[in-house]
Amino acid sequence: MLGKSGKIRGPGSKMVTSAKSSVPTVTDQAAAMQLGQCAKNLATCLAELRTSAQKAHEACGPMEIDSALTAIQTLKSELQDAKLAAVNGQLKPLPGESLEKCAQDLGSTSKSVGSSMAQLLTCAAQGNEHYTGIAARETAQALKTLAQAARGVAASTTDPKAAAAMLDSARDVMEGSALLIHEAKEALISPGDAESQQRLAQVAKAVSHSLNNCVNCLPGQKDVDMALKSIGEASKKLLLETIPPSSKSFQEAQSELNQTAADLNQSAGEVVHASRGSSSQLAVASGKFSQDFDEFLDAGIEMAGHTPDDQIQVIGNLKNISMASSKLLLAAKSLSVDPGAANAKNLLAAAARAVTDSINQLITLCTQQAPGQKECDNALRELEAVRGMLDNPNEPVSDLSYFDCIESVMENSKVLGESMAGISQNCKTGDVTAFGECVGSASKALCGLTEAAGQASYLVGVSDPNSQAGHQGLVDPIQFAKANQAIQMACQNLVDPDSSPSQVLSAATIVAKHTSALCNACRLASSKTANPVAKRHFVQSAKEVANSTANLVKTIKALDGDFSEENRNKCRVATAPLIEAVENLTTFASNPEFASVPAQISNEGSAAQEPILQSARSMLDSSTHLLKTARSLVINPKDPPTWSVLAGHSRTVSDSIKSLITAIRDKAPGQRECDTSIDNINKCIRDIEQASLAAVSQNLPSRDDISLEALQEQLTSTVQEIGHLIDPISTAARGEAAQLGHKVTQLAGYFEPLITASVGVASKLKDHQQQMTFLDQTKTLAESALQMLYAAKEGGGNPKACHTHDAIAEAAQLMKEAVDDIMVTLNEAASEVGMVGGMVDSIADAMGKLDEGTPPEPEGSFVDYQTSMVKYSKAIAVTAQEMMTKSVTCPEELGGLASQVTVDYSQLALQGRLAAHTAEPEEIGFQIKTRVQELGHGCIFLVQKAGALQITPSDSFTKRELIECARNVTEKVSLVLSALQAGNKGTQACITAASAVSGIIADLDTTIMFASAGTLNAENDESFADHRENILKTAKALVEDTKMLVSGAASGQDKLAQAAQSSAKTITQLTDVVKLGAASIGSDDPETQVVLINAVKDVAKALAELIGATKCAAGKAADDPSMYQLKGAAKVMVTNVTSLLKTVKAVEDEATRGTRALEATIECIKQELTLFQSRDIPDKSTTPEEFIRMTKGITTATAKAVAAGNSARQEDIIHTANISRKAISDMLTTCKQAAYHPEVNDEVRHRALMFGRECTTGYIDLLEHVLLVLQKPTPEQKQQLAACSKRVAGAVTELIQSAEAMKGSEWVDPEDPTVIAETELLGAAASIEAAAKKLEQLKPRAKPKQADETLDFEEQILEAAKSIAAATSALVKSASAAQRELVAQGKVGSIPANAVDDGQWSQGLISAARMVAAATSNLCEAANASVQGHASEEKLISSAKQVAASTAQLLVACKVKADQDSEAMRRLQAAGNAVKRASDNLVRAAQKAAFDKVDDDNVVVKTKFVGGIAQIIAAQEEMLRKERELEEARKKLAQIRQQQYKFLPSELREDDN
């Protein structure tokens, strides 16, 4: 069950990813939602399965080995039954089984079995029961597949003997494996026992042997083995001491050798062809090959008899051919066993080429032909061998990239052109040697061209979007196999008695090169794999290879010094363990699980390949004809018809190469797709612009076919998928051309659904601002994607086009930011309505990533990750507690809190993955991972309940569930923390202690505020003397703790934990007694109180630094830089404790306490300066204005210091000491924060930091001089105080200038009236927006139904008032932009020293802005009152008119100075018109309502005569009274206007007013 649950997780995760990525592209709404939901459910189930499987594995780990043994015994008995059935002729193949399929299954499974056994051996040797169990389980599973395949082969074969042999060999494998697992179990009981390890190794060898036998029983394999044996037998003829003399003439021997060479070359081609066909074809081809080899060898030996001078070389060449032939058959055999094996076809082609090359070498050596003939023959054979590359363009031919192919084609075509010219030239001149060279280089160039064409066609086919791109495997088995072969050859050369010193050294270099490459590959593989057993095995194998290489290198050094027999023997002995280690590693790496997935080229891809392949074939054909023609021409150069034939062929070659280059260039991968995608995204941007225009004019049609929730869900999933593609596109654009087309097409496919969903969401939103935010952010994302595509197209996947890489990285960054922005908006919108699907997905993703491999080299140490994990875990616990509270008091705030939990958990999981990787021992890492995953499940439940409670805030059952979930999360957090503590108890204690100390420092800051305010009093009548002893005693205890902390860093975690806890406890006690002591001094002497508390605060700060340094230095070597930091921190700590003790002693001595306070302050400032000069970047940045404000404190403090120096009174000195400390500390903090603001350039930053330092050192000098004056108060000394203060003042001036430079051209003086105007305008805009928000919340009052026309009046008022508020807000913002433009143009001085005129203009603008803001506020009040029924329409009308009037004044104030054609002025005018229009609409609506309004109390006319007259009189009286009131109101308005007019600036007085 565990095995199956492990197997499904990989494909399951891929399924989830694929489903999620295809959801946005499904057009059917219901299907898309269903698919999305199913993907989520599957992801959740997989996460739960993972957790359960881990728990189950922990529970039944030890039982796994026994379970594997039982399974293998069962397989053995099943194979026994199958053999009985086969003997009786009753064994039948199962449905779907065929001989070919079962044979392939057997071949590929044999590798898996070998690999899992290698794992089993390693784990058992290390004595790790947990992982041995897993390896045993995997071995048993692989053996099950092997047994099924063996039964299938036996059932499908027609030969009863072969069937019996297959089943017997499979049963041997089972027997051996059972024994192996039994031995592994024994080895676990006594780990490190040499005897059991030896037995284990022997049994493993036996199993490996029986596995090979099993594979050799496959049909066709026997024949290849026979052929191999026959080649081996034949090659023994080459070992004879003397070669018998030849029986044939030289001519006969030569022609026979040529003939047999041609036959052998052809047979090699047939073997290559047959290995891709059926087993019977391979059997025939290998038989023919061995026969041809035999004949060729005889001819070669015959020839050797004729060449006594070159006999040794001829025999050497024949041996090479024998070796190459064996390799060819082995490659053919392994391909037929496992056709899917990575690169097996290419290895076979390479082996065939090696046979051709070695034949050519022999022919060149032996034959004496007419001039130039053998060179042409060799070239023709080489061309025949490479032709096969063009037959199978579905596999990579080499590891060249697309751009390397183009370069290779260009270079080789140049070489070929020169060689062809040389061939014809040398034919004419009869220079045979030069002719031969030209033919050789032409042949090489043609082979290079063919290889480049084959690889380019593969890349073109793969990069077609309809093809399926392959996936890089965990390791490259080819690299391992090549390295294995190279190391074996080198080791043979090392121990060969005939090898010279230079050969020994070159062999040693080869060994070193390949072993280091293998170790690197292992390191990478271990970091990428999620399989813990494989991870350990790669690491262990790398260690074994490295160790055995180191031992071998030692013996080689000894051999190099003295080539004695003894040293050579030592060397021979040392090679054995290396070869064994490398072989074991190669076996393990050949596991199909680690192999690459080959690409599958579509029909369209094949069509795209055709022009390249066509040109390459044509080139090879015409080159072959050309070489044949040249061969005859070189013998008979005076034959004119042959010359014209040669010219014709050479023209065809040139044309085919030209068409090849054109075909490769035209088919550049990804370019066509980039163009299509750019067009698609441009169309999408136009669509979103249309939607934005519609939204601005308030007529974006709402989508009624789908809910807002579904649209938000669609939008979220689309944006997430786009986010996932950014890095792959960036990688492809920088160096993986074949992937570019796929990724770009995929990206462009998401933009149509993105636009549809975004416009849909916007159309459903009531808030205009929110609509525009969504549309703008979508447009930004589309534009950043467009920029990315242009950059990617330019880069094209060419790793050498470095000039494009920066642009690609920048575009990727912008796109990530756009994705983040839109995700934040979406999450906010979703959390407001209780939609938490996106958050749950994020948490699930983070949990999934915990199981992924880790980056090869984590940058930090376990302590760094532990620290951040503690921070995020605590943040989650705090948020969970807050959610418990809010669930009762304020459920609508739960969305934001849930979002916070999601963000914190994502960070926690990221850090957890790294912490688990760096934790020692591994079990702790495993535990951390498991606990973080469990916390993830808790967070998901909590977030889901928060969403549910937002939708139904009054549901008490959900509230209870939420509180339960929050408690559960808090509990899980404590489990995570305890797992971290187990990992590093000491550092965890340091983190806790540091947190406690920072709390103490904050508490002391508060106490200083109380003391400064004179409110720190003792609770009873006690004196300072009562506390002095206690303070001194506690301070000394703290010094002891400091020593323990420093020694704890070098000793174990337990001691460190003890020291950290103890120091935190002691500092708490010390601060408490010092606070009591300070209080006992009495509030009438606050300065001394502050001095005392500052002294203990310095100690606390130093302790915090010391704990931090200890945490970093824990477990490091004595010469590690962190140890030096620790020593430095300890020194500061001791200094500060000493300073505290001195201060305590000086408190009661009025004559020295000022001096003491000043000394402490100087020390404190020096420490602050050290911190300031460190390279740590501050956590947050601040504004230049804030920085300038802080520098003003220094000016005050400097003046106080000079005064104190002159007066020499202790009280003044104490006061100076206290304010100096604060002023300098604040200045240094803000200086660093402002300097590291992201918008500040390096030069300004450097300047600010330099003058910050200069100012501080100047201030220290000043204080030190004050001390000097106190000790020797002479007039000369006092005069020098002024010089010191000038130095500080100069530095402060420079600091202020640096701050101004930080602002750049935007620097403004806060006192400037123009700036005040701008601030005022922005303030007005803010108040208008606040008023508009207030309007948003208004709802018309409920009232009885009346006539239909007046029904919507309140809605009209509210809508009109809202639009006025929005328009005035825009107006005021435009005014501020216009004003900034004027300052930039210089029409208004940015610093108006005497310019009354500009000041007046600014005043005009300020008063106008204030009027607009006030009028809008009034309007909103009136609208509110009107809707609530407390005010008349008249008040509303007059408010609206007032808005229009004040708008007009604001426009006049701006027009006075502005340039009529400027952009800002045009915007301002437009904004003004919008306000006026909105006001008019409101007035019109209100007047119409007032006009249409029928009085609520319908007039009832009295029918009685007297009553009727009384009614008329009363009505007339009311009318007269109203007329009089109207007259009075008019007069009052005129007076107000006259009074106001007097105070108006000149620009605003209108002549006709």
Around Thr804, what is the net charge, scoring Lys/Arg as +1 and Asp/Glu as -1 over all other residues with Cβ under 15 Å from its Cβ?
-1
Taking a straight Cα-to-Cα line shorter than 12 Å from Lys1455, and setting aside same-chain aspartates and glutamates fewer than 8 residues away, one finds Glu1547
Once amide H atoms are built 1.01 Å from N in the peptide plane, which residues 5 or more positions from Gly1082, or in another chain, come under 5 Å H to H?
Ala1018
Starting from a Cα-only point model with no solvent, please compute log10 I(q)/I(0) by Debye for segment 495-616 at q = 0.23 1/Å.
-1.24
Hey, can you rank 1509-1521, 442-454 by average C-beta count inside 10 Å, highest first?
442-454, 1509-1521
Counting only protein heavy atoms and rolling a 1.4 Å probe, one gets per residue an accessible area for the chain in Å² of 47 Å²
Over 22 Å, how big is the tail of the calculated P(r) for segment 1007-1123, in percent of all Cα pairs?
43 percent
Sort the following peptides by mean Cβ neighbour count (other Cβ atoms within 10 Å, averaged over residues), highest first: 1417-1426, 9-18, 889-898.
1417-1426, 889-898, 9-18
Low-density loop trypsin sites (Lys or Arg not before Pro), segment 568-645, at most 12 other Cβ within 10 Å, DSSP non-H/G/I/E/B, are Lys638
Tilt, helix 501-528 to longest principal axis of the chain (alpha-carbon atoms), in degrees rounded to tens, equals 40 degrees
Quick check of the Kirkwood formula: for segment 96-213, what is the inverse mean of 1/r over all pairs of different Cα atoms, in Å?
14.7 Å
Within 10 Å of each candidate Cβ there may be at most 14 other Cβ atoms; applying that plus a DSSP loop requirement, which GluC sites (Glu not before Pro) in segment 1164-1269 survive?
Glu1239
Just to check I understand the Karplus step: with θ = phi - 60° and J = 6.51 cos²θ - 1.76 cosθ + 1.60, what whole-Hz values come out for segment 1446-1453, glycine and proline as x?
5, 4, 4, 5, 4, 5, 4, 4
Roughly speaking, to the nearest percent, how much of segment 744-861's 1.4 Å accessible area is carbon and sulfur?
50 percent
If you put +1 on each Lys and Arg Cβ and -1 on each Asp and Glu Cβ, how big is the dipole of the chain around its Cα centre, in Debye rounded to 20?
920 debye
Just in segment 729-827: which chymotrypsin sites (Phe, Trp or Tyr not before Pro) are loop by DSSP and have at most 12 other Cβ atoms within 10 Å?
none
Segment 233-325 - charge dipole about Cα centre, Lys and Arg +1 at Cβ, Asp and Glu -1, debye rounded to 20
340 debye
Rg to Rh for segment 78-148: what is it, with Cα atoms only and Rh by Kirkwood?
1.13
Flagged as over-length at 19 Å C-alpha distance, from Lys482/Lys513; Lys161/Lys222; Lys345/Lys743; Lys1097/Lys1145; Lys1036/Lys1142, the pairs are Lys345/Lys743
Once Lys and Arg are counted +1 and Asp and Glu -1 for all other residues with Cβ under 15 Å from that of Asp338, the total becomes +1
Relative to the first principal axis of the alpha-carbon coordinates of the chain, what is the inclination of helix 1275-1303, with its axis defined by its Cα atoms, in degrees from 0 to 90 and to the nearest 10?
70 degrees
Derived scalar couplings ³J(HN,Hα) [segment 563-568; Karplus, 6.51 cos²θ - 1.76 cosθ + 1.60; whole Hz; x for Gly, Pro]:
7, 9, 4, 4, 5, 5
Can you quote the Å³ per residue value for the convex hull of the Cα atoms in the chain, rounded to an integer?
313 Å³
So for segment 742-865, what percent of the C-alpha to C-alpha distances run longer than 24 Å?
48 percent
Over the alpha-carbon set of segment 11-162, work out the extent along each principal axis and list the three values in angstrom, largest first.
61, 44, 21
Between 0 and 90°, nearest 10: helix 956-983 axis offset from the chain longest Cα axis:
60 degrees
Mind running the shape call on segment 361-520? Use the C-alpha gyration tensor, a ≥ b ≥ c as the square roots of the eigenvalues: rounded below 1.5 for a/c, prolate if a/b tops b/c, oblate otherwise.
oblate
Restricting attention to the alpha-carbon atoms of segment 872-1000, what are Rg (one decimal) and Dmax (integer), both in Å?
15.9, 49
Note: segment 133-181, point scatterers on Cα, Debye, no solvent; log10 I/I(0) at q = 0.14, 0.18 Å⁻¹ equals -0.38, -0.57
With a 1.4 Å probe and every protein chain kept in, tell me what percent of the accessible surface of segment 945-1104 is carbon plus sulfur.
54 percent
CD proxy at 222 nm, helix term only [per DSSP H run n ≥ 4: -39500 (n - 2.57); per residue of the chain; nearest 500]
-29000 deg cm²/dmol
What residue among Gly1108, Gly1154, Thr1066 has its Cα farthest toward the positive end of the dipole of the chain, where the charges are +1 on Lys, Arg and -1 on Asp, Glu, each on the Cβ?
Thr1066
Scoring only Lys, Arg, Asp and Glu (+1, +1, -1, -1) among other residues with Cβ under 10 Å from the Cβ of Leu400 yields -4
³J(HN,Hα) computed for each position of segment 924-941 - Karplus, 6.51 cos²θ - 1.76 cosθ + 1.60, integer Hz, glycine/proline x
4, x, 4, 5, 4, 4, 4, 5, 5, 5, 5, 4, x, 4, x, 5, 4, 4
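The values are calculated or read from the model by the stated rules, or taken from the named source; none is laboratory data. Not measured: the values here are computed from a predicted model. Because the Cβ atoms are built from the backbone with ideal geometry, glycine has one as well, and the counts that use them run over all protein chains shown. Ligands, DNA and RNA are excluded from the accessible area calculation, which covers all protein heavy atoms including side chains. Shrake-Rupley method; radii C 1.70, N 1.55, O 1.52, S 1.80 Å.
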